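The values are calculated or read from the model by the stated rules, or taken from the named source; none is laboratory data. Just so we're clear, the structure is a prediction, and the values are computed from it rather than from any experiment. Because the Cβ atoms are built from the backbone with ideal geometry, glycine has one as well, and the counts that use them run over all protein chains shown.
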Amino acid sequence: MPPEPAFLITIDTEGDNLWAAPTTVTTENSNFLPRFQQLCERYGLLPTWLTTFEMARCKAYRAFAEDYLHRGTGELGMHLHAWNSPPLDYELTADDARTHPYLIEYPEEVMEQKIAYLTDLLKSQFGVRPRSHRAGRWGMDERYARLLAESDYLADCSVTPGVSWADSKGDPNGKGGTDYRGFCNRPYRMDLEHIDREDEYSPLWEVPVTIVRGPGMKFVWAVDRLPFLARRVSNRLVPPAYWLRPNGRNLESMLSILGTALQEDRPCVEFMLHSSELMPGGSPKFASAESIEKLYADLETLFGTAQRRFIGMTLTGFTEGLCSGQRSGRPS
């Protein structure tokens, strides 16, 4: 009998409301993370906290992380924001703190230095070597994948299947982010020369965020900001992207994603959220205390449903199972 599919929780653990491009990055959201951790534990789920430079230096977050690491109820991974993660002696644009360039827009030597610095910082601060990773702003390429593999990372979760970030600029003179249209929606060993392909000998696993395309759900993450008529036309031309990512009004579509994953016999689903979205005012979508309570009500329903058919695992724990052959991650 095949194992139960895994329910993975990945949290981009970063400063407060970075969507606003603040000149000074604060980390007040660290004080709001224990509530989410407790909720996960109540449903037997094990979040992976993908941690940035500013959070690694935050006293409140360090105390929080030391607790979940000591009790074995979560994983600490790396999340690299190139614009404020040292070394900072190479300025790509006139104001990197405002433009938020992708790491893949920097020279490879700078990329390597930033990966090494944050990896070493996390290891020194928390006593564990991170083995899971997500790129800042979802930006990945072959150089980045190779550098992660050379740095002994086992699992990446930067791929957003079917979604292109080419229109999302970092460097105003650059090409934008990575185009993930055509990428696999299941875990695979990432070919370090062609990241959209599988290589059975690759040391780096890609575990994509769960995104489902289809015309039958009510709420759309990717196009929900479009006017009504434009959204109708868009949905007819290209089936919208539904993320396993709460936005305050998409509980029904997230529950439908769980059903789709079971029907398609996927080995896992991967939920994602930003740590600042757990704090009132820490993000555009959850600006008030009321919106946070609505978020938690949705999470109670989602996690309670997942608990019945999925097993909670960390990102590295799940990937180690793929390596040992206990789970099938072969792309469809």
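Numbers at a glance
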| item | result |
| --- | --- |
| Hey, Ser324 out of contact with any helix residue (DSSP H, G or I) (no Cβ under 6 Å at 6 or more places or on another chain), within 26 Å of Thr52 (Cα to Cα) and of a type in the set (Ser, Thr, Tyr) or not | no |
| Restricting segment 83-100 to residues that are loosely packed, with under 13 Cβ neighbours inside 10 Å and touching a Phe, Trp or Tyr at 6+ places or on another chain (Cβ under 8 Å), the residue that is nearest to Thr13 (Cα to Cα) | Pro86 |
| Close pairs from segment 72-85: first modelled with pLDDT of 95 or more, partner of a type in the set (D, E, K, R) and in a strand (DSSP E or B), Cβ under 9 Å, at least 6 apart | Gly77/Arg134; Met78/Arg134; His79/Asp12; His79/Arg134; Leu80/Arg134 |
| Residues satisfying the stated conditions in segment 61-82, i.e. over 25 Å from Ile115 (Cβ atoms) and surrounded by fewer than 16 Cβ atoms within 10 Å (Cβ to Cβ) | Ala63, Asp67, His70, Arg71, Gly72 |
| Of all residues making up segment 153-172, the number that are assigned to a loop (DSSP other than H, G, I, E, B), free of Cβ contacts under 8 Å to residues at least 24 places away in the same chain and not aliphatic (A, V, I, L, M) | 1 |
| Odd one out for Arg137 among (1) in a helix (DSSP H, G or I); (2) farther than 19 Å from Ala166 by Cα; (3) touching a Gly at 6+ places or on another chain (Cβ under 9 Å) | (2) |
| Test: Gly216 is part of a loop (DSSP other than H, G, I, E, B), at pLDDT below 95, surrounded by fewer than 23 Cβ atoms within 10 Å (Cβ to Cβ) and on the phi < 0 side of the Ramachandran plot | yes |
| Members of segment 32-46 that are of a type in the set (A, V, I, L, M, F, W, C) and under 23 Å from Arg131 (Cβ atoms) | Leu33, Phe36, Cys40, Leu45, Leu46 |
| Criterion violated by Gly325 - all others in (1) within 24 Å of Val159 (Cβ to Cβ); (2) modelled with pLDDT of 95 or more satisfied | (2) |
| Where Ala166 falls short, out of the listed (1) surrounded by 19 or more Cβ atoms within 10 Å (Cβ to Cβ); (2) within 19 Å of the chain's Cα centre (by Cα); (3) hydrophobic (A, V, I, L, M, F, W, C) | (1) |
| Failed item in (1) within 19 Å of Gln307 (Cα to Cα); (2) surrounded by 17 or more Cβ atoms within 10 Å (Cβ to Cβ), with Gln38 passing the rest | (2) |
| Filter result for the condition that a residue is in contact with a Lys or Arg (Cβ under 6 Å, 6 or more places away or on another chain) and either over 27 Å from Glu14 (Cβ atoms) or surrounded by 15 or more Cβ atoms within 10 Å (Cβ to Cβ) (or both), over Thr260, Thr316, Thr305 | Thr316 |
| Glu252, sole failed condition from (1) under 26 Å from Leu69 (Cα atoms); (2) among the acidic types (Asp, Glu); (3) part of a helix (DSSP H, G or I) | (1) |
| Where a residue in segment 258-271 is more than 15 Å from Arg245 (Cβ to Cβ) and without any contact (Cβ under 8 Å) to a residue 60 or more places away in the chain and its partner, wherever it lies, is surrounded by 12 or more Cβ atoms within 10 Å (Cβ to Cβ) and of a type in the set (S, T, N, Q), with Cβ under 8 Å and at least six apart | none |
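Residue by residue, here is whether (1) touching a Lys or Arg at 6+ places or on another chain (Cβ under 7 Å); (2) more than 20 Å from Ser132 (Cβ to Cβ); (3) touching a residue at least 40 places away in the same chain (Cβ under 8 Å); (4) basic (Lys, Arg) holds:
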| residue | (1), (2), (3), (4) |
| --- | --- |
| Thr10 | yes, no, yes, no |
| Thr26 | no, yes, no, no |
| Ser30 | no, no, yes, no |
| Thr48 | no, no, yes, no |
| Thr51 | no, no, yes, no |
| Ala63 | no, yes, no, no |
